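Q: I'd like to ask some things about the structure below.
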Amino acid sequence: MMSGGPAVRVSIESSCERQVQEVSLDGMETYVPPLSMSQNLAKLAQRIDFGQSSDSDEERTDREKRDEWSTREAEEDEGTVKFQPSLWPWDSVRNNLRSALTEMCVLHDVLSVVKEKKYMALDPVSQDPTVAKTPQVFQLISKKRSLATAAQLLLKGAEKLTKSLAENQEQRRQRDFNSELLRLRSQWKLRKVGDKILGDLSYRSAGSLFPHQGTFEVIKNTDIDLDKKVPDDYCPLTVQIPSDLEGSAYIKVSIQKQSPDIGDLGTLNLFRRPPKAKPGSQMWHLRLEAAQNVLLCKEIFAQLSREAVQIKSQIPHIVVKNQIISHPFPGLQLSISLCHSAGEKKSQRASPDRIKPDDHLYVLEHNLHQLIREFHKQTLSSVTMPHPASAPFGHKRLRLAGPMGYDKAEISSWQHIEGLLEKIIKQAKHIFLRSRTARTIDSLASRIEDPQIQAHWSNINDVYESSVKVLITSQGYEQICKSIQLQLNIGVEQIRVVHRDGRVITLSHQEQELQDFLLSQMSQHQVHAVQQLAKVMGWHVLSFSNHVGLGPIESVGNASAITVASPNGEHAISVRNGPESGCKVLVQFPRSQAKEPPKSDVVQDGKWSHLRGSYKEVHWGRMEGRNFVYKMELLMAALTPCS
């Protein structure tokens, strides 16, 4: 931009893309319409010269090119597009395709004649005249040399492959003993004593006091022959285990009750290893695990045997060879056995019958595993620092602890620690008592249809205590009759029953006590149901008693009774229900409805005739209805006066 004068604006217009065809008198321009896609394609196809080769295009002079471009520019300046009116736009393409088709047909005919070799034959034409003059002997010699060279190369490659394969096999056969030993040391305790490498299988580090050493020896495996094929499971080391730890072992715990009420509770096998090995595990690892399991079973059984001899019980425990027999309850036998087999064949022969899945005590097995872990943990933490019985310093209450301290007997009772066998017996008692309670409730529910008894067991229980909620209801009247709800806390030797009102009753392990108690509660439920139904129906409760002192004496519990009156007081219903005697229903009618009203010389006034007369028993078995409460509802509805 010049600095001397002002800036000048210059407007630039783009050239018209389309050519002007006509300018009218009023200055309106008419443009040539653009070519369509088909017209543009035809225009471009006319410019192609299919007859001219690429060589002729290169030899064309610049002058001809300039003449051609000048003629095209002149045509474009004129604004007209010239077409050949007599020819089709694709005529040249069609002509070229037709000529190509003719040449291909000729070529096909020539090839077919040559193939038959009847009229024409083809002979090769040699370009180098010296090759034809070479004798065949020299050709064979050259081919032989080239084949020998190729064979030598192949032999050298085969030798290298065989050497590398042999080296790999030797490396596979001679595995690194140190690396395998390092792998063994990462999982088991090892120490070197002289020229030997010894390992430890015992549970001393976990708190075990079992006198068995549990020592095994690691030996390098030299039995393999390098010239033969090496098996896939080859290992450069082996372990030597003591003979008394060979094979497999497990502890068998069974609870047997030889009585028709419940039968055998089941059997479980503790620490029994599966016979199949896990994929990828070494043979030495499987042998060491099996030996350690045998050692653990022997340690546990030795501890149980020692406790069985030391514990004082009403029925002494019996220890015979590899079996401990205990009697937690009369008629109940707890058997703990140590099963040890030295070989696989012997274990298969001596293995007991297959246990059904229903007889397996999964809860007891889990609890016993926890007990053994706690036993080892308790052994580790048993060493405690001494604590003084009294102290002359500190608070006054601490100084009074000396004269008011406990004696030796009380302190020793506190220091008593339950043994492993005692805990197992307590768990066996609890499992037996729980199974007996469940069987008693189920038998009553299946035997007695009215009223119905339901049991809801809690999923979260303690090792020595379980709880179950028992509901006694009548079908169709669950919302009205909710009086009997019991909470049964099943312990080791007794059952605590908690009523809805907070009363607590303690029952022993005897099945008859629980059965009699539930029968009495079901009998009381019928009377409570009549009381609740009377309130709904508008009847009046005249008397109610859970323990009736009149009438026949029940061998199981006591009878219950209730008396209700109709809304207008004309009728009364008296119900007496006992666990054994059953239900008895009496109805009292007015004196006026009697067929022969009683005559009395003393009572002459007619108002005394409105009093109720004597009771009449209802044939309860002939009443229609699905249960007791439904029949009572029909009876009350029939005796209720219409308003």
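The values are calculated or read from the model by the stated rules, or taken from the named source; none is laboratory data. The structure displayed is predicted, hence computed values, not measured ones. Glycine also receives a Cβ, built like all others from the backbone with ideal geometry; neighbour counts cover every protein chain displayed. To get the accessible areas, we keep the full protein, side chains included, count just its heavy atoms, and leave off ligands, DNA and RNA. Shrake-Rupley method; radii C 1.70, N 1.55, O 1.52, S 1.80 Å.
Q: Would you please calculate the Kirkwood hydrodynamic radius of region 455-555 over all C-alpha pairs and express it in Å, rounded to one decimal? Provide the component values of the computation, followed by the final result.
A: Working: mean 1/r = 0.0646 Å⁻¹.
Roughly 15.5 Å, rounded to one decimal.
Q: Based on the mean of other beta carbon atoms within 10 Å per residue, what is the order of 251-257, 158-164, most packed first?
A: On the way: 251-257: 19.6, 158-164: 10.0.
Those peptides, ordered most packed to least, come out 251-257, 158-164.
Q: Once fully extended, how much extra length lies between H619 and S555, figured as 0.36 nm per residue of separation less the alpha-carbon to alpha-carbon distance? All intermediate terms of the calculation are to be shown ahead of the outcome.
A: Values: separation 64, 0.36 × 64 = 23.04 nm, distance 2.42 nm.
Extending this stretch completely gives an extra 20.6 nm.
Q: May I pose another question? Peptides 489-500, 286-297, 425-436, 37-48: what's the order by average Cβ count within 10 Å, highest mean first? Kindly include the intermediate steps, with their values, before the conclusion.
A: Working: 489-500: 16.6, 286-297: 19.7, 425-436: 21.6, 37-48: 11.8.
The peptides rank, most packed first, as 425-436, 286-297, 489-500, 37-48.
Q: Please give the length that would be gained between K220 and E374 if that part of the chain were fully extended, namely 0.36 nm times their separation in residues minus their C-alpha to C-alpha distance (nm, one decimal). Show your work: numbers first, answer last.
A: Working: separation 154, 0.36 × 154 = 55.44 nm, distance 3.83 nm.
Gain on stretching K220 to E374: 51.6 nm.
Q: For A148 and K43, compute 0.36 nm times the residue count separating them, minus their Cα-Cα distance, and round to one decimal in nm.
A: Values: separation 105, 0.36 × 105 = 37.80 nm, distance 6.71 nm.
So the chain would gain 31.1 nm between A148 and K43.
Q: Could you give the nm distance between label points at S543 and D244, where each point is 7 Å from its Cα heading toward the beta carbon?
A: 7.9 nm
Q: Ranked highest first by the average count of other Cβ atoms within 10 Å around their residues, in what order do 102-109, 539-546, 448-455 fall?
A: Working: 102-109: 9.9, 539-546: 14.5, 448-455: 16.0.
Those peptides, ordered most packed to least, come out 448-455, 539-546, 102-109.
Q: Between S313 and D501, how many nm apart are label points set 7 Å from Cα along the C-beta direction?
A: 4.2 nm
Q: If you don't mind, there's one more thing I want to ask. Could you run the Debye sum over the Cα atoms of region 413-503, one equal point scatterer each and no solvent, and tell me log10 of I(q)/I(0) at q = 0.11, 0.16, 0.21 Å⁻¹, two decimals?
A: -0.41, -0.74, -1.07
Q: Still on this structure, I have one more. Regarding region 509-598, what is the average projected area of its C-alpha convex hull, in nm²?
A: Working: hull surface 28.7 nm².
Approximately 7.2 nm², given one-decimal rounding.
Q: Once you put a point 7 Å from the Cα of L286 and another 7 Å from the Cα of K156, both along the Cβ direction, what distance in nm separates them?
A: 4.9 nm
Q: Okay, moving on. In terms of solvent-accessible area of protein heavy atoms at a 1.4 angstrom probe, what is the ranking of S520, S581, highest value first? Please report the intermediate quantities before stating the final value.
A: Values: S520 15, S581 70 Å².
Heavy-atom accessible area, descending, gives S581, S520.
Q: Let's test the formula: R0 of 22 Å, r as the Cβ-Cβ distance of E478 and F589. What FRET efficiency results, to the nearest 0.05? Numbers along the way, then the final one.
A: Numbers: r = 33 Å, r/R0 = 1.49.
The pair E478/F589 has a calculated efficiency of 0.10.
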